[in-house]
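The values are calculated or read from the model by the stated rules, or taken from the named source; none is laboratory data. Keep in mind it's a predicted model, so treat the numbers as computed, not measured. Every residue, glycine among them, receives a Cβ derived from its backbone with ideal geometry; neighbour counts consider all protein chains shown.
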Amino acid sequence: MADAPAKIVGDEIAKQSKVQSDACETFKLPRTLIGGTTAMRRAAEDYLPKEEGETNEGYVKRVRRSTLFNAFRKTVSDMTGKVFQRPVVLEDDVPADIVQYAENIDLAGRHINVFAKDVFYDGLQTGINYILVDMPPAVQKADGSAPTVADEQGRRPYFVHITAE
């Protein structure tokens with residue numbers, strides 16, 4: 001028997017579940033690797049553990065001289081570049097509204113090609129991410145009547161990139 005859906009009360013939806021929390025732990029390594037030497041040094045205790053008998057001064061010096069050959073970032077970047085070597089093409093049968101939306105797909109000024117490349121690059125790092133298609137709420141008229149076409153001007157769907165974390 002399947003578990004019943006969790007009942008959401010108040011702001012509980014913003015709380016991270018144990019499963020999500022555990023998954024986020026696995027994302028720390030690829031996120032650190034993408035950040036290169038600087039990120040590795042910042043996360044020193046996690047990836048450069050202090051050796052037995054090593055003094056604090058010696059440890060700090062070792063961390064400062066440690067470097068990371070970033071093959072991971074190069075691989076993710078190269079693979080993303082291969083996939084987006086050519087731009088996304090919207091064929092002639094795509095409605096004009098959607099073609100227009102593609103020019104600013106996230107209402108933050110990004111063209112669909114840039115948005116898709118960013119989402120792909122992020123997804124290769126953790127193995128998962130999401131795109132939420134959202135839309136501003138409908139216009140609520142004071143008199144309760146249905147909104148007109150003029151009322152709906154400028155209201156349109158847009159993409160939101162949601163990272164694995």
### Output for the stretch 36-64, where each listed residue is under 30 Å from Asp118 (Cβ atoms) and assigned to a helix (DSSP H, G or I)
Gly36, Thr37, Thr38, Ala39, Met40, Arg41, Arg42, Ala44, Asp46, Tyr47
#### Entry: Leading residue by the ranking (surrounded by the fewest Cβ atoms within 10 Å (Cβ to Cβ)) among those in the stretch 65-112 that are of a type in the set (A, V, I, L, M) and not in a helix (DSSP H, G or I)
Val89
### Query
Which residue pairs have Cβ atoms under 7 Å apart, sit 6 or more places apart or on different chains, and have a first residue in the stretch 145-157 that is in contact (Cβ under 8 Å) with a residue 40 or more places away in the chain and assigned to a loop (DSSP other than H, G, I, E, B) and a second that is loosely packed, with under 12 Cβ neighbours inside 10 Å and β-branched (Val, Ile, Thr)?
Pro157/Val133
#### Entry: Candidates Ala2, Ala23, filtered to the one that is among the aliphatic types (A, V, I, L, M), modelled with pLDDT under 95 and in a loop (DSSP other than H, G, I, E, B)
Ala2
